[in-house]
1. From the residues in segment 1-60 that are out of contact with any strand residue (DSSP E or B) (no Cβ under 9 Å at 6 or more places or on another chain) and charged (D, E, K, R), which one is nearest to residue 83 (Cα to Cα)?
2. Strands (runs of 3 or more DSSP E) wholly in segment 28-144 with at least 2 residues that are surrounded by 15 or more Cβ atoms within 10 Å (Cβ to Cβ), of a type in the set (S, T, N, Q) and in contact with a Leu (Cβ under 8 Å, 6 or more places away or on another chain) - which ones?
3. Considering every residue within segment 20-27, establish whether at least one is at pLDDT 95 or above, within 17 Å of the chain's Cα centre (by Cα) and assigned to a helix (DSSP H, G or I).
4. Between a residue in segment 18-30 that is touching a residue at least 40 places away in the same chain (Cβ under 8 Å) and any residue that is of a type outside the set (Asp, Glu) and part of a strand (DSSP E or B), which pairs come within a Cβ distance under 6 Å, given they are 6 or more apart or on different chains?
5. Which of the numbered conditions does residue 91 fail, given that it passes all the others? Conditions: (1) under 18 Å from residue 24 (Cα atoms); (2) touching a residue at least 40 places away in the same chain (Cβ under 8 Å).
6. Considering only residues that are free of Cβ contacts under 8 Å to residues at least 60 places away in the same chain and among the charged types (D, E, K, R), which ones fall in segment 62-79?
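The values are calculated or read from the model by the stated rules, or taken from the named source; none is laboratory data. These numbers were taken from a predicted model, which means no experiment stands behind them. Cβ coordinates were reconstructed from backbone atoms using ideal geometry, including for glycine residues, and neighbour counts include every protein chain displayed.
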Amino acid sequence: MSLATDSLFIAALASNSDLMQQVSSRLYSTAIPLPDEEADNVPVPYLIVTFDGLTNEQPTKDDPFEGETDSVQVSVEVTAKNREQLADITQMVRDTIHDYFTEDVDDDRTALQYYQFSAERVTYDADKPCYWQVLRYECNVINQ
């Protein structure tokens, strides 16, 4: 499961119909696929979820093989037309992910034991134009 942790985040975000309405269902995994290199920029707002790698956590130096858990990094890029919209959507993303993983359920998301949250600075892209921010999640995941 740890190699597909980003899919859990996509499911979490897709589960919030209000959020999906805010971003016009523009939720992407890894990158935005454009059919034509000459196409205009993708309309904002949108979300991109990326798998940023993992590190296996070895329980002891005496065990030469993999431990039971991985430290997985997942990012969510939020892009919006203005600073106010960016703040609103990033808060919705953060709340949605928190609520999704703290629900009392018995499915794949229970492989994610906990996460640490951080956010990068807000950036403006004059070429698009848009504002964007990356939310980072460092997750402890059972490597099933």
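1. For segment 1-60, the residue satisfying everything is 18.
2. 69-80, 130-142
3. Yes, segment 20-27 has at least one match.
4. 23/46; 23/47
5. Residue 91 satisfies every listed condition except (2).
6. Result: 62, 63, 77.
A quick yes/no check of all residues on (1) among the polar types (S, T, N, Q); (2) without any contact (Cβ under 8 Å) to a residue 12 or more places away in the chain:
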| position | (1), (2) |
| --- | --- |
| 52 | no, no |
| 56 | yes, no |
| 60 | yes, yes |
| 81 | no, no |
| 85 | yes, no |
| 117 | no, no |
| 126 | no, yes |
| 144 | yes, no |
